[in-house]
2 protein chains.
Amino acid sequence: MHFGNGYGSQPHAWRMPGVPRGGATDFDAQVRYAQAAERGKFDFLFLPDFLGLDTDISHHPSMLTLEPLLTLAAVARGTERIGLVTTASTTFNEPYNLARMFKTLDVMSHGRMGWNVVPTSDPTSAANFGKAPMQRQEKYERLHEMVQLVQSLWGSWGEDAWIHDPASGRYADASKIQPVNLQGRHVATRGPLPIPPSEQGQPVIFQAGGGDYGLQVAGQYASGVIGATFSIDDARAQRTALRRAAQAAGRDPDEIKFFAGVMPALGATKREAIDRRLQLGQDIFPSRVPYLGQMLGLRLSESRLEEPLTEQELQMARANPGDPRSATALKVAREGWTIREILAHGVIDYHPTPVGPAEVTADHMQEWFEAGAVDGFWVSIDVFEDGIDAFVDGVIPILQERGLFHTDYEGTTLRDHLGVPHQYGLDARLAGAEG
Amino acid sequence: MHFGNGYGSQPHAWRMPGVPRGGATDFDAQVRYAQAAERGKFDFLFLPDFLGLDTDISHHPSMLTLEPLLTLAAVARGTERIGLVTTASTTFNEPYNLARMFKTLDVMSHGRMGWNVVPTSDPTSAANFGKAPMQRQEKYERLHEMVQLVQSLWGSWGEDAWIHDPASGRYADASKIQPVNLQGRHVATRGPLPIPPSEQGQPVIFQAGGGDYGLQVAGQYASGVIGATFSIDDARAQRTALRRAAQAAGRDPDEIKFFAGVMPALGATKREAIDRRLQLGQDIFPSRVPYLGQMLGLRLSESRLEEPLTEQELQMARANPGDPRSATALKVAREGWTIREILAHGVIDYHPTPVGPAEVTADHMQEWFEAGAVDGFWVSIDVFEDGIDAFVDGVIPILQERGLFHTDYEGTTLRDHLGVPHQYGLDARLAGAEG
């Protein structure tokens with residue numbers, strides 16, 4: 001489940017009835033939401049990160065208010081099973097600091113942490129560190145160094161080095177706690193890191209974002225990939241490419257799991273689901289009309305918001321091949337909805353939006369899964385306060401009845417949940433290849 | 001209260017009966033210890049930090065295992081009033097990252113955080129960041145930049161910028177959320193930081209460590225100073241110097257509070273207190289005999305451990321003026337204890353060690369306080385598992401009966417506990433001076 005700014009994924013989530021006043025800074029609420037997701041047996045929460053202020057704050061909260069590692073510390077203490085994954089920049093952190101924080105959290109959560117390795121290119125973020133954005137190749141070079149140094153530090157306290165025998169007075173086997181002494185072009189560290197293994201050894205690596213560079217990162221290191229895609233064909237292609245990249249790196253393709261985003265609009269009826277989205281979108285719809293026009297090959301203006309497309313427009317409309325969401329937009333438009341309602345179907349949102357009763361979302365997930373397009377989903381909830389419960393009580397039982405989703409956690413660690421192998425320190429199969 | 005490696009301040013704390021097996025990584029235990037301190041109405045916990053492995057790990061735990069900010073996140077969620085202070089290096093962190101983490105924790109704890117600003121010169125730590133140690137002046141130059149940039153970021157989200165009015169849809173007053181655009185020689189940041197104020201506005205600055213550079217830092221920024229001193233005269237001199245430094249920086253001297261360390265050895269009798277320390281010291285005593293000799297101007301060897309000093313030695317012995325602990329060592333030696341027992345009096349420990357029933361510690365604290373030597377103490381507990389309760393149930397009630405210590409928290413924030421003024425962003429009185 002995608003765990004964001006304290007309110008939910010929709011712009012006006014913060015304005016919905018019942019949402020705590022100080023939502024963005026309310027850790028009790030964050031923990032409550034995580035517990036609700038855990039009740040639904042979600043494999044993991046996924047927190048994005050952004051090293052700056054990313055929005056016009058006048059009418060909408062920023063994507064993120066609080067530091068994600070500390071947010072996950074609060075959540076780790078308030079939950080027992082659900083995995084905890086967060087993005088942390090490989091560009092504006094030092095390997096020793098990141099290694100220490102992630103392994104501390106992995107120990108705190110009893111083996112539930114994952115690190116989504118992401119380079120930062122955004123100029124606002126760079127400016128917060130007094131830097132200019134890094135070039136793509138440099139950025140990825142540093143990322144590779146970071147992952148390898150962090151994993152080496154994780155492994156530097158040998159897995160069975162901690163003796164802790166009060167009777168004999170032997171605390172640790174110092175011969176099994178060794179420096180890493182790694183010097184890259186961008187970062188370096190000596191080590192060791194004074195932290196024993198967690199229940200899953202060390203955190204799991206996640207990757208997000210495509211491109212050849214991203215694919216290589218995922219293939220080499222990632223156990224989970226957070227994807228964004230709008231069609232089964234594209235998702236299947238991405239998943240296949242990832243599995244091949246893992247294989248090319250000498251790994252078993254089943255060690256890498258692909259999660260596609262989904263952004264359900266739930267309601268007892270389709271009408272209710274649309275009405276909820278209308279309320280949650282409010283002032284954002286007018287500004288999106290011209291882009292909807294581009295998706296359909298039409299000139300549309302704000303003044304048309306409350307009207308459906310005319311018969312003539314529907315005949316002229318063509319799905320713009322430049323945006324994979326266009327086909328859905330055209331399909332929805334042909335159903336006769338007003339332009340505002342078309343937009344309320346989430347046709348310009350970041351992920352596919354199944355609209356209507358829980359079955360619609362369950363069908364979407366089943367179809368994609370059975371088509372071999374995904375290993376799972378990351379679910380974007382509209383409003384945390386009531387939306388997680390709606391998903392957990394609506395969609396999850398259907399998936400369970402259909403035998404598509406577990407009825408309880410089978411293990412205790414994130415590696416257990418994902419079904420990915422144990423790893424401690426660098427992946428021995430890659431160590432040679434990386435030189 | 002000094003909150004260390006999960007076990008307590010004495011080397012063999014980890015071996016004592018009842019201490020949890022996984023103490024160094026057991027967050028439930030950390031939270032329990034913090035709750036015990038809160039029951040004693042301690043103003044704050046103080047966590048040191050060290051960016052490396054600082055000890056021979058074969059027989060003793062390192063000073064610190066887990067990352068301190070995440071440890072305090074766990075503690076913040078399990079306590080309600082006690083202040084939370086930790087060291088974070090100004091040398092090996094970026095201002096944006098530190099500002100974000102400390103303010104997040106301040107929000108999480110509802111205004112209980114403090115940052116002990118410390119530059120790092122240790123070569124082991126530097127090597128973990130691929131660096132050589134920084135020169136003293138550079139290090140302090142960077143520290144000044146760090147504190148000012150971090151405080152500026154803290155103030156960059158205006159104190160009343162968060163409107164959060166669901167009815168009108170106004171989320172924040174963007175005109176009150178402004179970049180800081182600060183460029184130092186060592187660090188730079190643009191800002192703003194997207195975090196609203198906590199109940200105390202922003203974290204409190206602490207300082208530790210002496211010297212002219214340290215004194216200037218404390219005078220300019222610190223509300224609390226973590227001191228180390230072995231006599232009333234020295235403590236009073238340090239406190240006076242700090243108050244003068246604050247005044248020189250244009251502040252009221254009462255805005256800076258000086259805390260001296262104390263490391264009580266508690267027992268129903270003096271004999272019991274010594275026996276507990278003997279057990280807690282075990283294998284460390286032999287190696288300390290030669291240094292004890294130096295303190296007393298004598299040549300002493302390990303083989304003498306179980307003997308008291310001879311009459312002749314006692315006549316020859318002179319307290320070494322180079323170590324302020326020597327006078328206490330000589331006084332204890334003259335009482336006729338064996339060399340092992342002399343060491344068990346803590347005469348070479350980091351802080352003064354009152355030995356015996358709770359009254360002895362209470363007397364020590366009262367004497368120092370009434371002499372104007374301190375504003376308070378940071379208490380180093382021998383074994384957290386039973387030592388915090390022993391202090392809270394033994395020493396605290398005596399101090400309360402004597403009217404020297406509060407019977408409950410009077411406020412909710414760390415600033416309330418310390419009695420230091422509100423601050424948001426840079427101290428306006430210093431902003432001009434710092435130019």
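The values are calculated or read from the model by the stated rules, or taken from the named source; none is laboratory data. Remember, predicted model here, so these are calculated numbers, not experimental data. Every residue, glycine as well, gets a Cβ built from its backbone with ideal geometry; the counts of neighbours run over all protein chains shown. Just the protein is used for accessible areas: all its heavy atoms, side chains included, with ligands, DNA and RNA removed. Shrake-Rupley method; radii C 1.70, N 1.55, O 1.52, S 1.80 Å.
Taking the Cβ of A:ARG81 as the centre, find all other residues whose Cβ is under 15 Å away and add up their charges (Lys, Arg: +1; Asp, Glu: -1). Net charge around A:ARG81: -3. Across A:LYS139, B:LYS270, B:LYS131, A:LYS257, the residue with the most accessible area heads the list, and the full order at a 1.4 Å probe is B:LYS131, B:LYS270, A:LYS257, A:LYS139.
Normalised by 2.2 N^0.38 Å, where N counts its residues, the alpha-carbon radius of gyration of the range A:267-348 equals 1.01.
3J(HN,Hα) along the range B:230-246, derived from phi through the Karplus expression 6.51 cos²θ - 1.76 cosθ + 1.60 where θ = phi - 60°, amounts to 10, 9, 4, 4, 5, 4, 5, 5, 5, 5, 4, 4, 5, 5, 5, 5, 5 Hz, with x in place of Gly and Pro. Sorting A:378-388, B:174-184 by average packing, meaning the other beta carbons within 10 Å per residue, from highest down gives A:378-388, B:174-184.
The residues of chain B present an accessible area of 37 Å² per residue when probed at 1.4 Å with all protein chains retained.
Computed with every protein chain present, the accessible area of B:HIS110 is close to 100 Å² [probe 1.4 Å]. When the helices of chain B are scored as -39500 (n - 2.57) per DSSP H run of n ≥ 4 and the total is divided over every residue, the value at 222 nm lands at -12500 deg cm²/dmol. Its alpha carbons give the range A:330-428 an Rg and a Dmax of 17.3, 58 Å.
Assuming charge only on the beta carbon of Lys and Arg (+1) and of Asp and Glu (-1), the dipole of the range A:267-348 about its Cα centre is about 240 debye to the nearest 20.
Per residue of A:24-37, other chain Cβ atoms within 10 Å of the residue Cβ number 2 on average. Beta bridges assigned by DSSP with both partners in the protein assembly as shown are antiparallel in approximately 20 percent of cases. Within chain B, DSSP assigns beta bridges of which about 20% are antiparallel (rounded to the nearest 5). Amide H contacts under 5 Å for A:PHE405: A:GLN400, restricted to partners 5 or more places along the chain or on a different chain, H placed in the peptide plane at 1.01 Å from N. Comparing A:ASN5, B:SER152, B:THR310 along the charge dipole axis of the protein assembly as shown, the residue lying farthest to the positive side is B:SER152, per the Cβ-charge model.
Once backbone amide H atoms are built at 1.01 Å from N, B:LYS257 has B:GLY224, B:VAL225 as its partners under 5 Å, excluding neighbours fewer than 5 places away on the same chain.
Each other copy places its own label point for B:GLN282 at 6.4 nm from this one, sorted shortest first, where the point lies 7 Å along the Cα-to-beta carbon line. Each of A:PRO179, A:ILE284, A:ILE381 was scored by the projection of its Cα onto the charge dipole of the protein assembly as shown, and the greatest displacement toward the positive side belongs to A:PRO179; charges sit on the C-beta of Lys, Arg, Asp and Glu.
Converting phi to 3J(HN,Hα) with the Karplus coefficients 6.51, -1.76 and 1.60 and the offset θ = phi - 60°, the range A:421-429 yields x, 4, 8, 9, x, 5, 5, 4, 5 Hz in sequence order, with x at every glycine or proline. Which positions within the range B:179-220 get 50 Å² or more of their accessible surface covered by the other protein chains, compared to the chain by itself, with a 1.4 angstrom probe? Buried on complex formation: B:ARG190, B:PRO194.
Basic side chains Lys and Arg get +1 at the Cβ, acidic Asp and Glu get -1 at the Cβ, and with that the dipole of the range A:273-399 about its Cα centre reaches some 660 debye.
With a Förster radius of 60 Å applied to the beta-carbon distance between B:ARG244 and A:HIS164, the computed FRET efficiency rounds to 0.80. On the protein assembly as shown, 49 percent of the accessible area sits on carbon and sulfur atoms, based on a 1.4 Å probe.
Report, to the nearest 10°, how far helix A:27-39 tilts away from the longest principal axis of the Cα atoms in chain A, using its own Cα long axis and a range of 0 to 90°. Roughly 90 degrees, rounded to the nearest 10.
Rounded to whole numbers, the Karplus 3J(HN,Hα) couplings from phi for the range A:369-379 are 5, 5, 7, x, 8, 8, 9, x, 10, 10, 9 Hz, using 6.51 cos²θ - 1.76 cosθ + 1.60 with θ = phi - 60°, and x at Gly and Pro. Taking the DSSP beta bridges with both ends in the range B:83-189, the antiparallel portion is around 45 percent. For A:VAL347, no residue has an amide H sitting under 5 Å from its own, ignoring neighbours fewer than 5 places away on the same chain, with H placed 1.01 Å from N.
Shielding by partners for peptide B:156-166, expressed as the average number of C-beta atoms from other protein chains within 10 Å of each residue's C-beta, is 3. Dipole magnitude for the protein assembly as shown: about 1520 debye, using +1 per Lys or Arg Cβ and -1 per Asp or Glu Cβ, origin at the Cα centre.
Sort the range B:143-233 into rounded, prolate or oblate with this rule: let a ≥ b ≥ c be the square roots of the eigenvalues of the Cα gyration tensor; rounded if a/c is under 1.5, and if a/c is not under 1.5, prolate when a/b is larger than b/c, oblate otherwise. Taking the square roots of the gyration eigenvalues as a ≥ b ≥ c, the range B:143-233 is oblate. Over 31 Å between Cα atoms: which of A:LYS131/B:LYS103; B:LYS131/B:LYS176; B:LYS41/B:LYS131; A:LYS41/B:LYS176; B:LYS103/B:LYS139 fall into that group? Exceeds cut-off: B:LYS131/B:LYS176; B:LYS41/B:LYS131; A:LYS41/B:LYS176. For peptide B:46-53, the mean count of partner chain Cβ atoms within 10 Å of a residue's Cβ comes to 3.
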